[in-house]
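The values are calculated or read from the model by the stated rules, or taken from the named source; none is laboratory data. Just so we're clear, the structure is a prediction, and the values are computed from it rather than from any experiment. Because the Cβ atoms are built from the backbone with ideal geometry, glycine has one as well, and the counts that use them run over all protein chains shown.
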Amino acid sequence: MDWEVVIGLEVHAQLNTTTKIFCGCPTAFGAEPNLHTCPVCLAMPGALPVLNGAAVDKAIALGLAIGAELNRHSIFARKNYFYPDLPKGYQISQYELPVVGKGALTVQLPDGGEKVVGVTRAHLEEDAGKSLHEAFIGQSGIDLNRAGTPLLEIVSEPDMRSSVEAVAYLKKLHTLVRYLDICDGNMQEGSFRCDANVSLRRPGAPYGTRAEIKNLNSFRFLEKAIEYEIVRQRDILESGGRIVQETRLYDANRDETRSMRGKEEANDYRYFPDPDLLPLVLDESRIERVRETLPELPDARRMRFMRQYALPAYDAGVLTAGRTLADYYEQVAVGVDGKLAANWVMGDLLGALNKAGVELEDCPVSAGKLRLLVQRIEDQTISGKIAKDIFDELFHRGGEVDAIIDSRGLRQITDVAAIAAMVDAIVTAHPQQAADFRAGKDKLLGFFVGQVMKASQGKANPDQVNAILLEHLQKG
Amino acid sequence: MELHEFSLRELRQGLRNRDFSSVELTTVLLKRISALNPALNAFVTVTESDALAAAATADARRAAGEDGPLLGIPMAHKDIFCTAGVRTTCGSRMLEHFVAPYNATVVERLTAEGMVMLGKLNMDEFAMGSSNETSYFGPVRNPWHTGMVPGGSSGGSAAAVAAGLVPVATGTDTGGSIRQPAALCGITGIKPTYGRVSRYGMIAFASSLDQGGPMARNAEDCALLLNVMAAHDPRDSTSHPAAASDFLRGLERPLQGLRVGVPEEFFGVGLDPEVAATVQAGIAELARQGAAVQSIRLPNNPHAVSTYYVLAPAEASSNLARFDGVRYTHRAPNPADLTELYQQSRYEGFGAEVRRRILVGTYVLSAGYYDAYYRKAQQVRSLIREDFRRAFAEVDVIVGPTTPTPAFPLGAKNADPVAMYLADIYTIAVNLAGIPALSVPCGFTAAGLPVGMQLMGDYFADDLLLNVAHRYQQETQWHRAHPSVHAREA
């Protein structure tokens, strides 16, 4: 009998506020250790937290985007444990009453299907600092720059049934937080990371005992960690063993998960309401104010792309996966064929960016230039093939579309007389091939087209070349 | 009358008239501190040169035309308020060498008014105690009888004000820590409504109960200090937007028609008969001035101490977690590993009473006990609040004893924590409710120990309490009595 895998994800999205959640220190990444600290985030005696309203608004935005209940009254709680990079000896989080309640996310699967994944809750909390173990012999360094950075922990229901679904959910959430501009989504820097709860059961049976895999910071690691965990748990269960509820860490180098600590060693966090912070009260006007600032969300935009630009579902999905890419595409697609624009953005543009390791934000070819290039194909000033050369030049050396066309003489030849002259010369120069063609070797047409295009340095209009050649050869 | 017995109003008049300068006044008090502090141990740190410099600055400001009510007047802070550049110990070995790089809001505000800080005052360790015996820096002695405790936790503040080392001081009150030592030392102290005085930079014991306030020799001086201390502070989320007020404005209102409630529960078993009689005489004086006195009930008051000793340790166990040996605290030498660093640093840095409360607090928040202790205590807290709400529908002020007994001998209750906890039996409910309360001297026992009368008011009725205390002090002389303290013989 088969096993069914049950997966729930806890995602930590670092909110992209300019200052920390309970003090005015900057959240910028990469500063000298402990530069971005103050008495509050260093937990000096007598220092008190003051909630950053911008973090609350970003939590509200997520809640609205997933159609969640927004708790009008939520509570900050202290999660107590000792660790050197947790300066207060407790983390301020939300426990019994989170700001965002039940919601749902519709996820597109690679096979074209869709799945609705429940979101249990999302709550605000502060990040801890970092312990630095390198460069200190027998000691550890503590960097508290990250301490107090706002996080939104988004907890899903155990609704996913494969690593594919889990990855699709995580990708969708990743897209959403960037659309909402609440998180930069940088997984390498840890701005968007997830813990996966994985268990196996016989279909229809109650949930099995789960293992929690911590700190997965890429889609691929999530997939591989789940796949490893499925095999590990299946082997245990099928050999008559029992799964231990525990926290595990994924080791990407060895492609395996390892036990961090068992439940018996689990901390009792002694949560209780933080008496330094008043209950967080959301009034309707605040929620409405956030609602008004919400951008068009990915699902709505994907549907609109299919309708407005006549794009296939796949293209619309790719182009709306990121807000910046979708914005770029929409600027290219003004007044040109939507599918042609999509081909250019998804093919040449993304390929070039990928190859060069450049982000779209830093793309040397503006959307306006790419649109003009597409227009020049459509108005037959250049051929698609020439356009690829021009794009390459724009990307690597810069310049303007029309100036490159003119200075390099790339304007397409559409003059019938000029093309006919070239055709005549080529046919005359290859009498044997012309005779063979007339004798029935149709494939030789391609040879002649190639010769004419070569003679025109690629500038002759291929459709016209085809037509004139046929006419010329058949005339004999 | 000597300079060290002057009220704030008299000191201001003297400074205005150029009878003396702030430097002269400061010098007199510094000399008095150096003579008497060895006997009292009220100061943990004396900041002599900083004080003289601040006094000179105040004199210059006065010469330039300024005339603020507190300009150039010496004071001292309970060593729980962080002071930039001057160590803040909180009465603990844990913070013996801690120097904050910032001022508490209270310190900042009083300093801006031109007050001259003479130093930092002794206290029970992390404000946990009712006798000032838990201080790492040794017990404070009661100026009225140096074999007696001054009360706690603001014992250094009470003793310093009573002995004329400073005219006014700051204190903090989590379960009675301003009122109880004020009563035992014969001075006036008010615990304001929760949210009146910023807690920023005031080292937390139990955040939902802690409140800073003034300790002085009369109600008017308390009002003068509270006028500056009470203010909305955006750095403290629990600071009330309407915290500020003018507490002098209503000070002179006559008591005619004032409705005074006397809770039956405050005159039951455990109350010293001398204290009872003295407080009854104080209530009679209020009636003589036209107040209508009636008996009331606060039925849940008997649960206040046990409720408090769940909630306060719970919050403390978390608040004190930051003192972990990693950053600015005491650190045990050569720990074998991280666990030992924590355990040894905290074992060495905290005294027995603090450790006891951390253990209790950790226990009541633990999985499986939270509902039985912490949650239940919060429910009782609501009932206590409700008691007061009902009472204040009928009366304007509730009056009773501040403490069940006068000052007791040093060491008398050290072996029995519960006996010590009961010293706060009448003060704790006020903190649980968050209402304001004040202790005013109302007489002496036959042995010559001061007795305090407690006035409790509804939320934001701090001005009414000061008004009642002030009118009382217009017709009584108890607050004018001064102990004769002698320098300890070498």
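Summary table
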| quantity | calculated |
| --- | --- |
| Residue satisfying condition, being touching a strand residue (DSSP E or B) at 6+ places or on another chain (Cβ under 9 Å), within 30 Å of residue A:209 (Cβ to Cβ) and away from every other protein chain (no Cβ under 14 Å), within set A:36, A:12 | A:12 |
| Residue within the range A:417-428 that is modelled with pLDDT under 90, assigned to a helix (DSSP H, G or I) and within 27 Å of residue A:339 (Cα to Cα) present | no |
| Wholly enclosed helices (runs of 4 or more DSSP H) of the range B:1-88 bearing at least 2 residues touching a strand residue (DSSP E or B) at 6+ places or on another chain (Cβ under 7 Å) | B:22-40, B:48-63 |
| Matching residues, the range B:361-387, being out of contact with any strand residue (DSSP E or B) (no Cβ under 9 Å at 6 or more places or on another chain), surrounded by 19 or more Cβ atoms within 10 Å (Cβ to Cβ) and within 14 Å of another protein chain (Cβ to nearest Cβ) | B:361, B:364, B:373, B:377, B:381 |
| Failed item in (1) among the charged types (D, E, K, R); (2) touching a Lys or Arg at 6+ places or on another chain (Cβ under 7 Å); (3) surrounded by fewer than 24 Cβ atoms within 10 Å (Cβ to Cβ), with residue B:210 passing the rest | (3) |
| The range A:311-349, residues that are over 15 Å from the mean Cα position of the chain (by Cα), under 19 Å from residue A:373 (Cα atoms) and of a type in the set (A, V, I, L, M, F, W, C) | A:332, A:333, A:334, A:336, A:340, A:341, A:342, A:344, A:345, A:349 |
| Number of the exception - residue B:336 against (1) touching a residue at least 24 places away in the same chain (Cβ under 8 Å); (2) of a type in the set (A, V, I, L, M, F, W, C); (3) within 14 Å of chain A (Cβ to nearest Cβ) | (1) |
| Of the criteria (1) part of a loop (DSSP other than H, G, I, E, B); (2) surrounded by fewer than 22 Cβ atoms within 10 Å (Cβ to Cβ), which one residue A:21 fails | (2) |
| Residue list for the range A:53-108, restricted to those being buried (at least 21 other Cβ atoms within 10 Å of the Cβ), of a type in the set (D, E, K, R) and within 14 Å of chain B (Cβ to nearest Cβ) | A:78, A:88 |
| Top-ranked residue in the range A:272-289 [being surrounded by fewer than 20 Cβ atoms within 10 Å (Cβ to Cβ) and either part of a helix (DSSP H, G or I) or in contact with a Lys or Arg (Cβ under 6 Å, 6 or more places away or on another chain) (or both); ranked as farthest from the other protein chains (Cβ to nearest Cβ)] | A:288 |
| Every residue from the range A:326-344 that is at negative phi and surrounded by fewer than 18 Cβ atoms within 10 Å (Cβ to Cβ) | A:327, A:331, A:334, A:337, A:339, A:340, A:343 |
| Selection count where residues are within 14 Å of the chain's Cα centre (by Cα) and within 14 Å of another protein chain (Cβ to nearest Cβ), scope the range B:205-233 | 5 |
| Qualifying residue in the range B:84-94 (condition: over 30 Å from residue B:353 (Cβ atoms) and either out of contact with any Gly (no Cβ under 9 Å at 6 or more places or on another chain) or more than 14 Å from chain A (Cβ to nearest Cβ) (or both)) | no |
| Among the candidates B:186, B:201, residue that is away from every other protein chain (no Cβ under 14 Å), at positive phi and not basic (Lys, Arg) | B:186 |
| Where residue A:124 falls short, out of the listed (1) part of a loop (DSSP other than H, G, I, E, B); (2) away from chain B (no Cβ under 11 Å) | (1) |
| Residue A:251 being within 22 Å of residue A:188 (Cα to Cα), among the charged types (D, E, K, R) and either modelled with pLDDT under 90 or touching a Lys or Arg at 6+ places or on another chain (Cβ under 9 Å) (or both) | yes |
| Per-region count, the range A:143-171, residues within 14 Å of chain B (Cβ to nearest Cβ) and crowded, with 19+ Cβ neighbours inside 10 Å | 3 |
| Residue in the range A:127-141 that is assigned to a loop (DSSP other than H, G, I, E, B), without any contact (Cβ under 8 Å) to a residue 60 or more places away in the chain and hydroxyl-bearing (Ser, Thr, Tyr) present | yes |
| Cβ pairs under 6 Å, 6+ apart, first in the range B:430-451 and at negative phi and surrounded by 24 or more Cβ atoms within 10 Å (Cβ to Cβ), second assigned to a strand (DSSP E or B) and of a type in the set (S, T, N, Q) | B:437/B:454; B:439/B:454; B:440/B:188 |
| Residue count for the range B:95-144, restricted to those that are within 14 Å of chain A (Cβ to nearest Cβ) and over 24 Å from residue B:209 (Cβ atoms) | 4 |
| Checking residue B:294 against (1) more than 28 Å from residue B:130 (Cα to Cα); (2) loosely packed, with under 15 Cβ neighbours inside 10 Å; (3) within 25 Å of the chain's Cα centre (by Cα), the condition it does not meet | (3) |
| Subset of the range A:369-427 that is of a type in the set (S, T, N, Q) and under 21 Å from residue A:453 (Cα atoms) - its residue that is nearest to the chain's Cα centre (by Cα) | A:383 |
| Test: residue B:411 is touching a His at 6+ places or on another chain (Cβ under 9 Å) and surrounded by fewer than 24 Cβ atoms within 10 Å (Cβ to Cβ) | no |
| The lone exception for residue B:342 - which of (1) of a type in the set (Phe, Trp, Tyr); (2) under 29 Å from the mean Cα position of the chain (by Cα); (3) within 14 Å of chain A (Cβ to nearest Cβ) it fails | (2) |
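To keep it simple, each residue is scored yes or no on (1) within 22 Å of residue A:64 (Cβ to Cβ); (2) among the aromatic types (Phe, Trp, Tyr); (3) assigned to a helix (DSSP H, G or I); (4) in the same structural domain as residue A:279 (by TED's automatic domain parsing).
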position	(1), (2), (3), (4)
A:171	yes, no, yes, yes
A:184	yes, no, no, yes
A:222	no, no, yes, yes
A:234	no, no, yes, yes
